[in-house]
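To keep things clear, I will list the structure first and then write my remarks on it.
The values are calculated or read from the model by the stated rules, or taken from the named source; none is laboratory data. Since the model is a prediction, treat every value here as computed from it, not as a measurement. FYI the Cβ positions are ideal-geometry reconstructions off the backbone, even for glycines, and counts take in every protein chain you see. Calculation scope for accessible area: heavy atoms of the full protein, side chains included, ligands and nucleic acids excluded. Shrake-Rupley method; radii C 1.70, N 1.55, O 1.52, S 1.80 Å.
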Amino acid sequence: MFLRAFSARVATASKLRLGQRFFGRPEVIEVVLVDMRSRELIIKGQEILTADKVALRVSIVVQFAVIDPKAAVHAVESYQDRLYSDVQLAARRALARMTLEEILTNRNRLSSEILEDVKEIAAGYGVNIGRADVRDLSFPGNVQEVMNRVLAAERQSQAQLVEARTKAEVQRIEAESKAEAARLQAASTAEAIRHEATARATATETAVAAETLALERRRTNAAAYTEHPALLRLEELATLRQLATNANARLYLSLPSDSGRAEDKKE
């Protein structure tokens, strides 16, 4: 899309218009076409020093569009040349505030600072900047080699840190598992001991109760046998009857002697 705009020369011709009418000369009007589409401007190979005095070559891609054709034509001689110069200076200012490590670890910050620095300036001559991104960074040979070593060391350090953290986490989990297993084992052992003690106490109580009951029965039987001797004789006969059913049983009976019988006869 193209729009028409008047250049500075148009304004000059307009000022002379009144004088020229008296001499019968025609009025001169110059028309300039301004492209208002979104475009890209590439700034290549700018060698800039960082805050720690390291020389870098930076390439920057700027996306822009003219939003005010009149300002773009009248405010500056060439808005594209002015934009190129403004972005270049903004990049130098941004890099001068950052160290090499900051640039390498946070390239987005560099792009953001360039955009913030130049956006308002470009708006003054009718240009809107959509983005200003750092596309390439290059270093001198010795610096590049050093940086490769540093990056390799950092990657190795990060890998060792991750490995150490993983090992520590595994050890922590194992320790917690062992502690939990020991706790469960202790609780199980204590519960088993409690159940065993309860069973023993119950068995003891049952045995005591049974013994007490047996003694009580014996005492009752003894009292009955004392009062009724015939009951004791019946108990003896019942016992002898049970023993008689066993062929291997041996019975030892105490019989009265002959002298005793004689004495019984004399009496």
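Quick notes
- Legend: residues Leu215, Leu237, Leu137, sorted from most to least accessible area (1.4 Å probe; ligands, DNA and RNA excluded), read Leu215, Leu237, Leu137.
- If R0 equals 41 Å, the separation of the Cβ atoms of Asn248 and Ala179 corresponds to a calculated FRET efficiency of about 0.05.
- Separation of segment 50-66 and segment 81-102, taken as the distance between their Cα centroids, equals 5 angstrom.
- Convex hull volume of the Cα atoms of segment 79-142, normalised per residue: 90 Å³.
- Nearby aspartates and glutamates by direct alpha-carbon distance to Lys178 (threshold 16 angstrom, same-chain neighbours under 8 apart not counted): Glu169
- Local electrostatic count, Ser177, Cβ distance below 14 Å [Lys/Arg +1, Asp/Glu -1]: -1
- Reciprocal of mean inverse Cα separation for segment 28-172 (Kirkwood radius, Å): 17.7 Å
- Over segment 91-180, equivalent-ellipsoid semi-axes from the Cα gyration tensor in Å: 44, 20, 8
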